[in-house]
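> Mind looking over this structure? Questions follow.
The values are calculated or read from the model by the stated rules, or taken from the named source; none is laboratory data. Remember, predicted model here, so these are calculated numbers, not experimental data. Every residue, glycine as well, gets a Cβ built from its backbone with ideal geometry; the counts of neighbours run over all protein chains shown.
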Amino acid sequence: MTAQQPGDVKVLFLAGKGRSGGTLLASLLGQLPGFFNIGELNRLWDWGLVSNFRCGCGLPMQECPTWDGILAAADELLEAEGGAGIAPLRTARIDLAQASVVRWPRMLQLLRARPGSRQHWDDLDRYTTASSAVYRSIAKLTGARVVVDSSRLPIEPVALGLVPGVDVRVAQVIRDPRAVVYSWKRSKITTDRDTGEYMPKFSASFSTTSWLARNLVVEAIGRRSPVEVVQYDAIARDPAAVLRQLADFVGEPAGDLAFLTSETATIAPTHSVGGNPVRMTSGAITIEPDEEWRRGIEPRDRLVATAIALPLLGRYGLPVRSGAGSAREQAPDDRNPGLPALPTLTTNAWLRFDSIRRALRIAQPNTLLEIGAGEGGLGSWLSRHYRYTGVELDDRSRSAAEARIASNGHGEIKADIADVQDHGFDLVCAFEVLEHIADDAAALRQWRDYLRPSGWLLLSVPAHPEDFGAADELVGHYRRYERDGLDRLLRDAGFEVVRLDSYGAGLGHALQRVRNRLARRVLARRGEEGDTPEERTSGSGRFFQPSGVATAVACATIAAPARLAQAPFAGGDLGTGYVVLARRSE
Ligand SMILES: [Zn+2]
């Protein structure tokens, strides 16, 4: 669309409405050789550089070493090219220039703007100069030939060909507007902010109007240069074909697509900005069409969306009628008859389960060592998914764990960590163990010796020293932890913290009060017999453990709504405990 120079960085810009499969598509594209998925780059300026939300790698933007490198390289480029007054980008507040340029009332002005000819629009110049330096630096630092930008908003100057030094190709991602409406009416937890707020919900008329406006702008772009159309259904049903189509569109080979099987893709962690929570997922993900909207959408919303989108429905091959009957019938709910059973956990352990599972998805271990396996509630679940070794000192707890693991897993339990021969585990985990150990720093260093280089450590510990109560005393805790101290402790022991989630906000506090009340009674009955924390610890793996099936189900049920309710607080400090994922640093 513009006079591109040879050697310009290729940008594959995904345009369209959010919730159309664009984040997933960008993740998949990022796996192609020579492609780098940068996420929604238009969020870099406000979410990244001003608000410091999370990068796709899980770190806050300003702490991500990859972004540090990209920004430094961009500053160098800007200085070399006389972009004075812009570098350093970290403090340039490009978000302000962006906010004044990328606005719907400016749409016609933007469509009329021509690259190269500076039209006395300083904010546009400032914004496109900064963007150009960032795209080129991404390519330089990652060695990518194609930068995948899933910003979606087609009035972004880059989509309109207004960013110099960039050879942009626009792909239009289309999803049925009624599915988009349905998706935007349900909230989704965003992982961008440390406080984990919910993404906003929007009305049917707003979402559809936005869908229509965006697609009309892409139609205008398509009159100047080729635009490749990708349907959501095609991404879900045949991702390989879509990837080949888009690789061809930008003139690159798609490679062997070995990361794709018929239903799943293995995604390496990326450094993406913005986008929905799927971008934080790495490892194996399942790709399947989401047809829930056909049954779930309110009749009124269906009508509103159909009426507003009508002018473009036919153009994209979308039917006017969109009821459940018009979808390919799918077996509801029982599509996964072989779902593995869930672990047997206390309510409190359930509250940290989601953070643990998320950490395991990041680490993707093959071999795993659990210190303090207790009665094997989590261990038996872990042993179904990983090559599992557990250590449990207490004889009674250990035989319970052995029985559980023998019945549904394939791992082993040792009585002493000294009996473990392997010193090359991918991951060592210890849930509610560290606080039972007098010299926690020494324990961490010992555990570190069981890890391969760059191996992972996954811990859970109780939070907030000021909350130390009777229940802590009863089960033999030496202490509770605070965020900074924990970070320091791990660093001194040779680990780098990758994620530190707070869990238990809400229900966790109620449980803590109940446990403290029970514990005070037990302690009073005992009359402070003076046993050591070690002696109390030995039985602590059996305290409050669910015994029967009914109790186990009750624990899971009570925890279910609380697990959702606490999620927005994972990045804060409101919970009763922490789940920490750290990496062996040398
Ligand atoms: Zn990153």
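> Checking the conditions here, which among 68, 125, 75 is within 16 Å of the ligand (Cβ to nearest atom) and of a type in the set (D, E, K, R)?
After applying the criteria, what remains is 68.
> Further, regarding this structure: Does residue 572 meet the test of being under 30 Å from residue 445 (Cβ atoms), modelled with pLDDT of 75 or more and assigned by TED's automatic domain parsing to the domain that holds residue 436?
Working: under 30 Å from residue 445 (Cβ atoms): yes; modelled with pLDDT of 75 or more: no; assigned by TED's automatic domain parsing to the domain that holds residue 436: yes.
Answer is no for this residue.
> Here is a follow-up. Regarding the stretch 92-106, can at least one residue be identified that is more than 16 Å from the ligand (Cβ to nearest atom), out of contact with any Ser or Thr (no Cβ under 9 Å at 6 or more places or on another chain), assigned by TED's automatic domain parsing to the domain that holds residue 239 and closer than 28 Å to residue 258 by Cβ?
no
> Any idea how many residues of the stretch 467-488 are within 33 Å of the chain's Cα centre (by Cα) and surrounded by 17 or more Cβ atoms within 10 Å (Cβ to Cβ)? Steps first, please.
To start, the set of residues in the stretch 467-488 that are within 33 Å of the chain's Cα centre (by Cα) comprises 467-468, 472, 477, 479-488.
Still in the list and also surrounded by 17 or more Cβ atoms within 10 Å (Cβ to Cβ): 472, 477, 479-481, 486-487.
Within the stretch 467-488, residues that are within 33 Å of the chain's Cα centre (by Cα) and surrounded by 17 or more Cβ atoms within 10 Å (Cβ to Cβ) number 7.
> Can I ask one more? Applying the selection to the stretch 437-458, what residues are of a type in the set (A, V, I, L, M) and either part of a helix (DSSP H, G or I) or within 20 Å of residue 581 (Cα to Cα) (or both)? Don't jump to the end; show me each part of the working.
In the first step, residues of the stretch 437-458 are kept if they are of a type in the set (A, V, I, L, M); the result is 437-438, 441-444, 451, 457-458.
Within the stretch 437-458, 437, 441, 442, 443, 444, 451, 457, 458 meet the criteria.
> Right, another one. Given the residues 131, 151, which is the only one that is under 18 Å from residue 170 (Cβ atoms), in a helix (DSSP H, G or I), in contact (Cβ under 8 Å) with a residue 24 or more places away in the chain and in the same structural domain as residue 251 (by TED's automatic domain parsing)? I'd like the intermediate steps shown before the answer.
Numbers: 151 fails: in a helix (DSSP H, G or I).
Result of the check over 131, 151: 131.
> The conditions are (1) more than 20 Å from residue 513 (Cα to Cα); (2) within 33 Å of the chain's Cα centre (by Cα), and residue 415 fails exactly one of them. Which is it?
Result: residue 415 fails condition (2) only.
> Mind listing whichever residues of the stretch 459-478 are in a loop (DSSP other than H, G, I, E, B) and either of a type in the set (A, V, I, L, M, F, W, C) or on the phi > 0 side of the Ramachandran plot (or both)?
So the first thing to find is which residues in the stretch 459-478 are in a loop (DSSP other than H, G, I, E, B), and the list is 464, 468-469, 476-478.
Matches in the stretch 459-478: 464, 468, 476.
> Determine, yes or no, whether residue 181 is at pLDDT below 95, in a helix (DSSP H, G or I) and hydrophobic (A, V, I, L, M, F, W, C).
Numbers: at pLDDT below 95: yes; in a helix (DSSP H, G or I): yes; hydrophobic (A, V, I, L, M, F, W, C): yes.
Judged against the criteria, residue 181 is a match.
> Still on this model: So in the stretch 9-48, with the set limited to residues that are within 16 Å of the ligand (Cβ to nearest atom) and surrounded by fewer than 24 Cβ atoms within 10 Å (Cβ to Cβ), which one is modelled with the lowest pLDDT?
This residue is 47.
> Considering only residues that are at pLDDT below 85, of a type in the set (Gly, Ala, Ser) and touching a Pro at 6+ places or on another chain (Cβ under 9 Å), which ones fall in the stretch 79-123?
Hit for the stretch 79-123 is 116, nothing else.
> Still on this structure: Provide a single number: the residues in the stretch 49-65 that are within 10 Å of the ligand (Cβ to nearest atom) and not in a loop (DSSP other than H, G, I, E, B). Lay out the reasoning, then the answer.
To start, the set of residues in the stretch 49-65 that are within 10 Å of the ligand (Cβ to nearest atom) comprises 54-61, 63-65.
Next cut, not in a loop (DSSP other than H, G, I, E, B) only: 54, 60-61, 63, 65.
Selection size over the stretch 49-65: 5.
> Looking only at the stretch 360-378, filter to residues that are modelled with pLDDT under 90 and part of a helix (DSSP H, G or I); which one of those is nearest to residue 452 (Cα to Cα)?
So the residue we want is 363.
> In the stretch 418-438, which residue that is closer than 11 Å to residue 389 by Cβ and of a type in the set (D, E, K, R) is farthest from the chain's Cα centre (by Cα)?
Here the answer is 419.
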